[in-house]
Amino acid sequence: MNAYVFTPSDELIGKFEVSSAEELSSAFAAFRATEPAMRAYSYIQAAGKVWTVTNLDPIQLREGRVAAESAQAEKVSATGTLRHPSGGGRSVMTRYTDAYLLARAVTGVGITVKIISFVIGGAIALIGATLGSKSVPLGIGGFLIGVGIGVPIYVLGVLVSAQGQILKAALDSAVYTSPFLNEDQMKQIMSLD
């Protein structure tokens, strides 16, 4: 698999091949030999995960995205609890949360259109059935008109709802592969907690 190396300011430095996460440190050491300008708190992204280079000599990797100022704060933290660095995470969370809200709204509009199709088609078919008590051709005609109006509206609702689901799927992929989010933030954004 490919491992991509970024500066702390998110600029791509380069990439290298690694066969598994266990070999990441040794493969990174070989890559570092070709990149003398490497600095601590660069990060490596591979297989949907992120590791931060917290030390270059000896090489130390820490899973997750860690900013230099956050690492210093963690060292002096009296509580001993680790804080995930913002590193753009808050603005990214807002962006993805808003996008999920839009995807849910589009899906909801699709469901509403499907319900409206049943109401309109059913009302017209019911009126046709009522008229059918006086004349059978009017009843059949009313039923066919109700179906003819209700089915296309229902199909439109299915298409709108599918667009919302497609947007959700694309967002799931984007959130999962974002180097700016930790696992808890991903669950929160996708409403999985």
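Remark: pairs (first residue in region 78-106, under 24 Å from K168 (Cα atoms) and not assigned by TED's automatic domain parsing to the domain that holds R62; second residue at pLDDT 90 or above and not in a helix (DSSP H, G or I); Cβ separation under 7 Å; 6+ apart in sequence or on different chains) are absent.
Residue count for region 166-185 satisfying the condition of being outside any loop (DSSP other than H, G, I, E, B) and either touching a residue at least 24 places away in the same chain (Cβ under 8 Å) or small (G, A, S) (or both): 12.
Within region 139-157, can you find the residues that are surrounded by 14 or more Cβ atoms within 10 Å (Cβ to Cβ) and under 30 Å from Y100 (Cβ atoms)? Once the filter is applied, which keeps residues that are surrounded by 14 or more Cβ atoms within 10 Å (Cβ to Cβ) and under 30 Å from Y100 (Cβ atoms), region 139-157 yields I153, Y154, L156, G157. On the stretch given as region 71-94, residues that are modelled with pLDDT of 50 or more, within 20 Å of Y43 (Cβ to Cβ) and either surrounded by 15 or more Cβ atoms within 10 Å (Cβ to Cβ) or within 14 Å of the chain's Cα centre (by Cα) (or both) total 4.
Picking from residues in region 7-53 that are under 14 Å from F180 (Cα atoms), modelled with pLDDT of 80 or more and not β-branched (V, I, T), the one that is surrounded by the fewest Cβ atoms within 10 Å (Cβ to Cβ) is K49. Evaluate the following for I59: is it surrounded by 13 or more Cβ atoms within 10 Å (Cβ to Cβ) and modelled with pLDDT of 85 or more? In short, no. Against the test of being under 22 Å from the mean Cα position of the chain (by Cα) and not assigned by TED's automatic domain parsing to the domain that holds D184, the options I13, I44, I59 yield a single qualifying residue, I44.
The values are calculated or read from the model by the stated rules, or taken from the named source; none is laboratory data. These numbers were taken from a predicted model, which means no experiment stands behind them. Cβ atoms come from the backbone with ideal geometry, glycine included; neighbour counts cover every protein chain shown.
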